[in-house]
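K.L.:
I have a structure I would like to understand better, so I am pasting it below and will then ask my questions one at a time.
The values are calculated or read from the model by the stated rules, or taken from the named source; none is laboratory data. Just so it is clear, the structure is predicted and the values come from calculations on it, not from any experiment. A quick note on method: Cβ atoms are made from the backbone with ideal geometry, for glycine too, and the neighbour counts reach across all protein chains shown.
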Amino acid sequence: MNQPIITGMGLWTPEHTITNEELVTAYNGWAEQFNNQHASEIEQGLVSAAPFSNAEFIEKASGIKSRFAYCKEGILDINRMRPLINERSDEEISIQAEISIAAAKAALQSANKEAKDIDAVIVACSYTQRAYPAIAIEVQHHLGITGFAFDMLVACSSGTFGLHRAYEMIKAGTAKSVLVINPEHTSPQVNYCDRDSHFIFGDVATATLIESSEQNRAQHSYEIISTKAATLFSNNIRSNFGYLARVNDTDPFSSDALFHQNGKKVFKEVCPMAAQHITEHLKENQLQPSDLRRWWLHQANINMNHLISKRLLGREATQDEAPIVLDRYANTASAGSLIAFNLHHEDLQQGDYGVICSFGAGYSIGSLLLKKC
Ligand code: CO8
């Protein structure tokens, strides 16, 4: 029977951390310098003064205390305000392939599997560092996997949507074992000079192995009972820098080119959508929120997760029911719910139900209903 099972999961966490305090000190230093340099334009109303940031605000508004960075150098330098990463030659491994491989190796190890057991690789994330060759094919090459590989981008829902594709391949019998990897190298796209968003993102990579039920099971494995996806176009979260930049002379440093959002609108519109999506997904499977042992929710903002769990359970979920990892990792786009899954799954008992759910840019919402084997 081609029943898709999650048999392995891996997490790569960068060695560098940046606390709210470090980030705010750098941002405020930059803002002060900016305001001094533009004092006369600000006075004439030609330029807006840069407002000051605040570590307490960040923690209260988002729940984020710290984040990980692939490269810390440059981010806190008020004359740079972005990571300093050397270009690599075509002969060197790309950064996203490098961090993908670290997460993939951990996933293979947790499932007790080797490269020869894998049929397909999907790299699913918010940005790929180039258009082609696909990062997934580079990962496939370095791991020594035969079969096929491809990249896909759906912002915060890349992780769940990637798992959906793996689920369908296993169901259809076109693959018996699929590795889905989420190398979220977000820091190059963060506008560290934007007070409203400089604190939001962190870097990480996650990997998940989906196999058909006839393969050998790992100690902790989860039947994927069903999947559900929804998208609705919104301009409230955008990143505009793309391959047309060369011909339309876009400034790669402009706030429009980098990640930007109307955070309040996102909060208001996405929370009810996510709660309704999960409720419907459970209903379609004759389940209700109280039947679930764990919620591995998207990790963008702690207040969003509290609001969604209140709509689902009639009360705030506990850390045991819906673990929060964004306090340490910040928003890691498509990897957030999968970090929560990686770190908080081993205590589930056979037959326990859980849901992985992402929500974010697009808008895009993706969920997977799991049952512990
Ligand atoms: N320090 C001090 N004050 C601040 C700061 C700051 N850093 N930032 C804002 N303020 C001020 C504001 O100016 C405002 O002041 P005033 O009331 O005088 O106007 C006040 O604080 C309140 O501001 P907000 O109303 O904006 O604050 P919120 O409580 O709404 O919190 C959040 C802001 C945290 C951004 C919140 O709105 C939020 O989290 N919204 C949801 C965001 C979200 O989930 N977005 C998803 C984005 S990620 C995604 O989809 C994938 C993208 C792909 C990855 C991208 C990688 C780069």
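K.L.:
Which residues, taken from segment 305-327, are touching a Phe, Trp or Tyr at 6+ places or on another chain (Cβ under 8 Å) and within 20 Å of F68 (Cβ to Cβ)?
P.N.:
Residue satisfying the conditions is P323 alone.
K.L.:
For segment 250-275, how many residues meet the condition of being of a type in the set (S, T, N, Q), more than 30 Å from S309 (Cβ to Cβ) and surrounded by 15 or more Cβ atoms within 10 Å (Cβ to Cβ)?
P.N.:
Counting residues in segment 250-275 that are of a type in the set (S, T, N, Q), more than 30 Å from S309 (Cβ to Cβ) and surrounded by 15 or more Cβ atoms within 10 Å (Cβ to Cβ) gives 1.
K.L.:
Which of the residues that make up segment 239-293 are out of contact with any Phe, Trp or Tyr (no Cβ under 8 Å at 6 or more places or on another chain), basic (K, R) and either more than 23 Å from S187 (Cα to Cα) or within 16 Å of the ligand (Cβ to nearest atom) (or both)?
P.N.:
Once the filter is applied, which keeps residues that are out of contact with any Phe, Trp or Tyr (no Cβ under 8 Å at 6 or more places or on another chain), basic (K, R) and either more than 23 Å from S187 (Cα to Cα) or within 16 Å of the ligand (Cβ to nearest atom) (or both), segment 239-293 yields K264, K265, K268, K283.
K.L.:
Separate question: Using the structure shown, decide if S212 is more than 9 Å from the ligand (Cβ to nearest atom), over 20 Å from V154 (Cβ atoms) and in contact with a helix residue (DSSP H, G or I) (Cβ under 8 Å, 6 or more places away or on another chain).
P.N.:
yes
K.L.:
To continue, here is another question. Assess whether I225 counts as being touching a Pro at 6+ places or on another chain (Cβ under 6 Å) and either hydrophobic (A, V, I, L, M, F, W, C) or in a helix (DSSP H, G or I) (or both).
P.N.:
no
K.L.:
Could I ask something else about it? Whether any residue in segment 239-249 is under 25 Å from A205 (Cα atoms), buried (at least 17 other Cβ atoms within 10 Å of the Cβ) and not small (G, A, S) is what I want to check.
P.N.:
Scanning segment 239-249, I find at least one residue that is under 25 Å from A205 (Cα atoms), buried (at least 17 other Cβ atoms within 10 Å of the Cβ) and not small (G, A, S), so the answer is yes.
K.L.:
Within segment 318-342, which residues are more than 16 Å from K372 (Cβ to Cβ), more than 14 Å from the ligand (Cβ to nearest atom), in contact with a Leu (Cβ under 7 Å, 6 or more places away or on another chain) and part of a helix (DSSP H, G or I)?
P.N.:
I339
K.L.:
Let me ask another. Taking only pairs six or more apart or across chains, which ones have beta-carbon atoms under 6 Å, a first residue in segment 123-145 that is closer than 13 Å to Q96 by Cβ, and a second residue that is modelled with pLDDT of 95 or more and of a type in the set (F, W, Y)?
P.N.:
Close Cβ pairs (under 6 Å, with a partner that is modelled with pLDDT of 95 or more and of a type in the set (F, W, Y)) amount to A134/F150; A136/F150.
K.L.:
Regarding Q299, is this residue at pLDDT 95 or above and more than 16 Å from the ligand (Cβ to nearest atom)?
P.N.:
no
K.L.:
While we're on this one: Looking only at segment 14-57, which residues are farther than 26 Å from F68 by Cα and in contact with a Ser or Thr (Cβ under 6 Å, 6 or more places away or on another chain)?
P.N.:
none
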